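Only one structure is covered here, and it is reproduced in the block below.
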Amino acid sequence: MKAGIALGSNLGDRHANFMAARDAISKISGVSDVAASPIYETDPVGCEPGAQNFLNAVLEVSYAGQPLDLFKELRHVEVQLGRPADHARNVSRSIDVDLLYFGDTVLKTDRLTLPHPRIEGRRFVLQPLADIQPDRVLPGQTKTVSELLALAPQSAKVLRSSKQWEDH
């Protein structure tokens, strides 16, 4: 099943955090065919005052398992990379890994909602997702990712980073 995974980081060596996250995700049992969007530098949205800019990107992977299993593995990657399991929401972080979608799965539990409930208005997610899946229609939507991007508010800067995946 194809799954979309958003990455974000605004603390520490953001680029190194991304490299480590991509490498850890690619090593999850059942994950294959990792495709990565370009990396974007974005304004912090909803964070504490004075928060640094984020790097944001989206990975799309094939996963041979269930969405809740992948979600648990992604939480484990965050902890491995220094984000506490009981982290506060909307604060600066070394790494943020969100499961955006899992094929056509629609799911709502106390731990996971698919597709991710806040994709629509977030340019920092829609732009990198549009780079790798412009024509994808997410479950419950009628518009493609590119169409959602065109409708998203221009409230925050989303610029392609000068440093990309291959830049070590």
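Which residue is surrounded by the fewest Cβ atoms within 10 Å (Cβ to Cβ), if the candidates are limited to the range 17-43 and must be within 13 Å of Asp96 (Cβ to Cβ) and in contact with a Phe, Trp or Tyr (Cβ under 9 Å, 6 or more places away or on another chain)? Result: Thr42. Against the conditions (1) in contact (Cβ under 8 Å) with a residue 60 or more places away in the chain; (2) of a type in the set (Gly, Ala, Ser); (3) exposed (fewer than 15 other Cβ atoms within 10 Å of the Cβ), Gly46 satisfies every one except (1). Quick check: is even one residue across the range 45-58 β-branched (Val, Ile, Thr), under 13 Å from Asp96 (Cβ atoms) and assigned to a loop (DSSP other than H, G, I, E, B)? Checked the range 45-58: at least one residue is β-branched (Val, Ile, Thr), under 13 Å from Asp96 (Cβ atoms) and assigned to a loop (DSSP other than H, G, I, E, B). From the list Pro128, Pro153, the one residue that fits, being crowded, with 21+ Cβ neighbours inside 10 Å and either in contact with a Lys or Arg (Cβ under 8 Å, 6 or more places away or on another chain) or in a helix (DSSP H, G or I) (or both), is Pro128. Please find, among Arg123, Arg75, Arg83, Arg136, the residue that is surrounded by 14 or more Cβ atoms within 10 Å (Cβ to Cβ) and either among the hydrophobic types (A, V, I, L, M, F, W, C) or touching a helix residue (DSSP H, G or I) at 6+ places or on another chain (Cβ under 6 Å) (or both). Sole residue among the options that is surrounded by 14 or more Cβ atoms within 10 Å (Cβ to Cβ) and either among the hydrophobic types (A, V, I, L, M, F, W, C) or touching a helix residue (DSSP H, G or I) at 6+ places or on another chain (Cβ under 6 Å) (or both): Arg136. None of Val97, Val34 is in contact (Cβ under 8 Å) with a residue 40 or more places away in the chain, under 22 Å from Gln164 (Cα atoms) and within 14 Å of the chain's Cα centre (by Cα) except Val97. Under the condition of being under 24 Å from Val145 (Cβ atoms), β-branched (Val, Ile, Thr) and not in a strand (DSSP E or B), the residues counted in the range 78-102 number 1. Quick check on Asp104: is it surrounded by 19 or more Cβ atoms within 10 Å (Cβ to Cβ), charged (D, E, K, R) and touching a Pro at 6+ places or on another chain (Cβ under 7 Å)? So Asp104 does not fit the description; no. When the criteria are applied in full, Ser9 meets the requirement of being under 26 Å from Pro134 (Cβ atoms), within 15 Å of the chain's Cα centre (by Cα), crowded, with 19+ Cβ neighbours inside 10 Å and among the hydroxyl-bearing types (Ser, Thr, Tyr).
Within the range 114-141, being over 13 Å from the mean Cα position of the chain (by Cα), modelled with pLDDT of 95 or more and either β-branched (Val, Ile, Thr) or more than 20 Å from Ser62 (Cβ to Cβ) (or both) holds for one residue alone: Val137.
The values are calculated or read from the model by the stated rules, or taken from the named source; none is laboratory data. The structure displayed is predicted, hence computed values, not measured ones. Note that we place each Cβ from the backbone using ideal geometry, even for glycine, and neighbour counts take in every protein chain shown.
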